[in-house]
1. Has region 183-196 got at least one residue that is open to solvent by 70 Å² or more (accessible area, probe 1.4 Å), modelled with pLDDT of 90 or more, farther than 30 Å from Arg222 by Cβ and not in a helix (DSSP H, G or I)?
2. Under the condition of being part of a loop (DSSP other than H, G, I, E, B) and farther than 15 Å from Ile170 by Cβ, which residue from region 219-252 is farthest from the chain's Cα centre (by Cα)?
3. If I go through region 253-281 residue by residue, how many of them are more than 23 Å from Met186 (Cα to Cα), assigned to a strand (DSSP E or B) and open to solvent by 70 Å² or more (accessible area, probe 1.4 Å)?
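The values are calculated or read from the model by the stated rules, or taken from the named source; none is laboratory data. Note that this is a predicted model, so its numbers are computed, not measured. Quick reminder, even Gly has a Cβ in these numbers, built from the backbone with ideal geometry, and neighbours come from all protein chains shown. These area figures cover heavy atoms from the full protein model, side chains too; ligands, DNA and RNA do not enter into them. Shrake-Rupley method; radii C 1.70, N 1.55, O 1.52, S 1.80 Å.
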Amino acid sequence: MAQRKKRSLKTGFIFWVSFILLVILLFLINRNTIKKVLSDPSLPQFFSKKENTTDFELQKQIQTEIERINEDTHTTSRVSQHEAYTTEETAKDETKVLDAEQQKTVQANPSTSEKANEVASMPIEPDEQVASKDNKTKDDKKNTSSENQKETEKKHIQIYFVQIDADGKISRVPIMRNVFPSDSPMSDALRSLFSGTTELEEKKSLRTLIPAGTKLLGATVRDGVAYINVSEHFEFNQYGIEGYLAELAQVVYTATEFSTVNSVQFLIEGQKKNYLGSDGIWIGTPLTRESF
C-alpha cells in the first residue's frame, strides 16, 4: 500500500513537472498569442466556472484551448502567406503583360527606342527658354501667315515706264505691280507710277520720265474723263519736248488701263492749264492714247 502511494506521488510529481515545463515552453513560443487570449473578454467567463472542476478536466480544457490558439495562429499564418503569394503572382503577371505590350510597341515601331534615346540624350533647357522659343515660333508663324495673307490680298495693276535705245528712241513698256486694293484703284496705280522704278526694273533698263517729286493730289472720273491733279513738279522736265510727251503718255496709258477711263484731263495744283512747260505742250483738252 505504501509503495503504491509512493509510486502515485512520484507519477504525479513527474506529471506536474512535465506539465509546468510544457506550459513554460508553450508560453515562450506563444507569448503574443497568449497576450491576445488574455485580452479576450470571454476569458473571465472561462475561469468563473464551478470550483469543483477536476484537475483532469481543467488540464483537458487548457489543452483544448491551446490547440485552438495554435490552430488559429497557423490559419492566420497560412492566410497571410497565401495573400502574399497571390500578390506576388499578380505583380509578376502584370509585369509580364507590360513587358509584352512594350515588346509589341517596339516591334511595331522600331524607331521608338532610337527616338527615346535621342530624347533622353537631348539637353534639358530651362522652362523660360522653352517658353521663349515656343513664343518665337508662334510669332514667326503668325508673321508668315500675316505676310502670306497680305500678299494674297494684293491686286495686280499695270503701269507704264519707258526704255531708251541707243538711238535715243523712247518706247513705252507696261509692267505689273502688286498693290493693296482700295476704293480708288486708278489712284493706286498712279501713286505706284509716281513712286518710280525699282532696282529690278532698272536692271531691265526701265526708266521713268516723270519728274522726281511729282505727287498725285487727286483723281476723279466723270463721263469717261479722268481728271488727274498733280503737283507743280510735273511742269519741269529736263529732257525737253520728248520728255514732256513721254511723261504725259505714261500717265495717260496707265489711267486708260481702266475700262471707265477713255481720256485724261491734266490739272496742275488744281488749275487747268493749256500748255505744259516752256515748250508749250498742249494739255488744255483731255488727252487719249491716240494723242501720242
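1. No, because not a single residue in region 183-196 is open to solvent by 70 Å² or more (accessible area, probe 1.4 Å), modelled with pLDDT of 90 or more, farther than 30 Å from Arg222 by Cβ and not in a helix (DSSP H, G or I).
2. Residues of region 219-252 that are part of a loop (DSSP other than H, G, I, E, B), as a first pass: 223-224, 231, 236-239.
With farther than 15 Å from Ile170 by Cβ added as a condition, the list becomes 223-224, 231, 236.
Numbers: Asp223: 57, Gly224: 55, Ser231: 53, Phe236: 59 Å.
By that ranking, first place goes to Phe236.
3. If we filter region 253-281 for residues that are more than 23 Å from Met186 (Cα to Cα), which is where we start, we get 274-275, 277-281.
Narrowing further to those that are assigned to a strand (DSSP E or B): 275, 281.
Filter again for open to solvent by 70 Å² or more (accessible area, probe 1.4 Å), leaving 275.
Residues meeting the conditions: 1.
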